[in-house]
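A.B. asks: Next up is a structure, given as structure tokens.
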Ligand code: C5P
């Protein structure tokens, strides 16, 4: 699926997002990117912003987690970069309204496990994996718009997005949130272990050479440490209103 689609009657092009081709004008779906460290609340916030605007959602971390799960299920050696890239290229994934399937099996809960997230962050620096997942991610860009969350949405995947958010929160606040979520799901969790894993994962995600976790130059940094989810969502919707207003 390409970023551009034929303009639908009655659907205004977002400002600055129309190009003309031999086939006439095409409207490019607007993208709001939300990047940030693990457990910063990106996923929940992205879904809420998307619902408010009627946009679709891309949870790009899920694709890295699905790659990790495929590696585990197929017995691929995580150190074998070519085999891991092949696993990423050959993912048979279907996102459905309440989750995702891998090779036809429901894996929504499996990919949320901490060890799968940790393996995803160890596989993510592999340039072959990142290249394999790039077009899959861009295919989510469809009218009327997309909210994309991850680490490199604003820098690599959708560098021309009209609104970029870099969502941060203090590591302790994030570990406490994750601990609460796991306990609510009936999964045992230890705050100190989560803090250590989260610091390690932050260091890997920010320190890697390829597509590191970094705010795009034109991103708005939103610190959610002391904000509720409602307040964070509202802050982003306000930024979206003014981005559209400024664009005319
Ligand atoms: O966001 P989530 O925790 O689900 O992502 C799992 C891992 O996938 C991250 O720790 C990160 O290493 C990797 N990832 C990435 N680029 C993205 C999204 C996730 O490298 N756009």
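A.B. asks: Please give the peptides 178-187, 160-169 ranked by average Cβ packing (other Cβ atoms within 10 Å per residue), highest first, as a rough proxy for protection.
C.D. replies: Packing proxy ranking, top to bottom: 160-169, 178-187.
A.B. asks: Then there is this: The stretch 97-207: D in µm²/s via Stokes-Einstein (Kirkwood Rh, Cα pairs, 4 °C, 1.567 mPa s)? Mind showing how you got there, number by number?
C.D. replies: Numbers: Rh = 16.2 Å.
The calculation lands on 80 µm²/s.
A.B. asks: Another question, then. Summing -39500 (n - 2.57) over the DSSP H runs of n ≥ 4 in the chain and dividing by its residue number, what mean residue ellipticity at 222 nm do you reach, to the nearest 500 deg cm²/dmol?
C.D. replies: Working: 8 runs with 106 residues, N = 248.
So the calculated ellipticity at 222 nm is -13500 deg cm²/dmol.
A.B. asks: Which number comes out as Rg/Rh for the stretch 66-129 once both Rg and the Kirkwood Rh are worked out on C-alpha atoms? Can you show the working numbers first?
C.D. replies: Working: Rg = 11.3 Å, Rh = 11.8 Å.
Ratio value, two decimals: 0.95.
A.B. asks: Still on this structure, I have one more. What ranking, highest mean first, results for peptides 42-50, 103-111, 212-220, 145-153 when packing means the other Cβ atoms within 10 Å averaged over each residue? Kindly include the intermediate steps, with their values, before the conclusion.
C.D. replies: Working: 42-50: 21.4, 103-111: 14.2, 212-220: 16.1, 145-153: 26.9.
In descending order of packing, they fall as 145-153, 42-50, 212-220, 103-111.
A.B. asks: Quick one: if you stick a label point 7 Å off each Cα along the C-beta vector at residue 74 and residue 203, how many nm between them?
C.D. replies: A separation of 3.1 nm, rounded to one decimal place.
A.B. asks: May I ask for the Rg/Rh ratio of the chain, computed from Cα atoms with Rh as the Kirkwood radius, given to two decimals? Kindly include the intermediate steps, with their values, before the conclusion.
C.D. replies: Working: Rg = 18.2 Å, Rh = 18.8 Å.
Over the Cα atoms of the chain, Rg/Rh equals 0.97.
A.B. asks: Here's another thing I want to ask about it. Just to verify a number: FRET efficiency for residue 52 and residue 118, C-beta to C-beta distance, R0 = 35 Å, to 0.05? Don't skip to the answer; put the middle values down first.
C.D. replies: Details: r = 32 Å, r/R0 = 0.92.
So the FRET efficiency works out to roughly 0.65.
A.B. asks: Distance in nm between label sites at residue 176 and residue 223, each 7 Å beyond Cα in the beta-carbon direction?
C.D. replies: 1.5
Values in this text are rule-based calculations from the coordinates and carry no lab data. No experiment lies behind these values; they were computed from the predicted model shown. Neighbour counts are summed over all protein chains in view; Cβ atoms, including those assigned to glycine, are modelled from backbone coordinates with ideal geometry.
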